[in-house]
Amino acid sequence: MGGGAGNGLNFGATYGSGQLPLEYAAKNTPSSEPTDDTSPTAKSARESLLAEAQTEKVKTLIKELYHTDGGIGDGGTADAIRHELATGEKVGGKTHIRKGRERLKQIAKILRKDPNGPDSNLLRRLKADLENALGRTQ
């Protein structure tokens, strides 16, 4: 689902429900024809999450977690960590474990300040994805 060595997380949401999972929206689009990530209508996980985010702080966080040129899984830090732990190979020449831990702290801080904020559900999904990826390394 998340591609590569990733487990990807699906939170029971469907495309168009307003709760896009942390994976390519194109893979969740009901269609009789197969879609791929290079089709003009395919949205990256980054684009889908940015469209869902309501606050600038969370949009900035998503931009830090999902780069436009991410080539492993959904392009996010969590899938990069999964790949690194599964293969022992660095992604883009560096490890992402420290970055994942730092973003977890950042998410926890935002949720502590505003546990019911406009992006709280999205933040909890991002947090769960990172925790899943980090597993025993936390």
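The values are calculated or read from the model by the stated rules, or taken from the named source; none is laboratory data. Just so it is clear, the model here is predicted, and its values are computed rather than measured. Cβ coordinates were reconstructed from backbone atoms using ideal geometry, including for glycine residues, and neighbour counts include every protein chain displayed. These area figures cover heavy atoms from the full protein model, side chains too; ligands, DNA and RNA do not enter into them. Shrake-Rupley method; radii C 1.70, N 1.55, O 1.52, S 1.80 Å.
Give me the residue from the range 104-138 that is assigned to a helix (DSSP H, G or I) and among the small types (Gly, Ala, Ser) and, out of that set, modelled with the lowest pLDDT.
Initially, the range 104-138 is screened for residues assigned to a helix (DSSP H, G or I), giving 104-113, 120-137.
Now narrow it down to the ones that are among the small types (Gly, Ala, Ser): 108, 120, 128, 133, 135.
Numbers: ALA108: 97, SER120: 97, ALA128: 96, ALA133: 96, GLY135: 93.
Step by step, filter the range 104-138, then rank; the result is GLY135.
Scanning the range 60-71 for residues that are out of contact with any strand residue (DSSP E or B) (no Cβ under 8 Å at 6 or more places or on another chain) and buried (at least 16 other Cβ atoms within 10 Å of the Cβ) yields LEU61, ILE62. Scanning the range 95-120 for residues that are among the charged types (D, E, K, R) and within 16 Å of LEU134 (Cβ to Cβ) turns up ARG98, LYS99, ARG101, GLU102, ARG103, LYS105. Pairing residues of the range 87-101 that are in contact (Cβ under 8 Å) with a residue 40 or more places away in the chain with residues that are open to solvent by less than 100 Å² (accessible area, probe 1.4 Å) and hydroxyl-bearing (Ser, Thr, Tyr), at Cβ distances under 7 Å and at least 6 apart in sequence or on separate chains, gives ILE97/THR137.
The residues listed here are ASP79, ASP74; of these, the one that is in contact with a strand residue (DSSP E or B) (Cβ under 9 Å, 6 or more places away or on another chain), assigned to a helix (DSSP H, G or I), open to solvent by less than 80 Å² (accessible area, probe 1.4 Å) and among the charged types (D, E, K, R) is ASP79.
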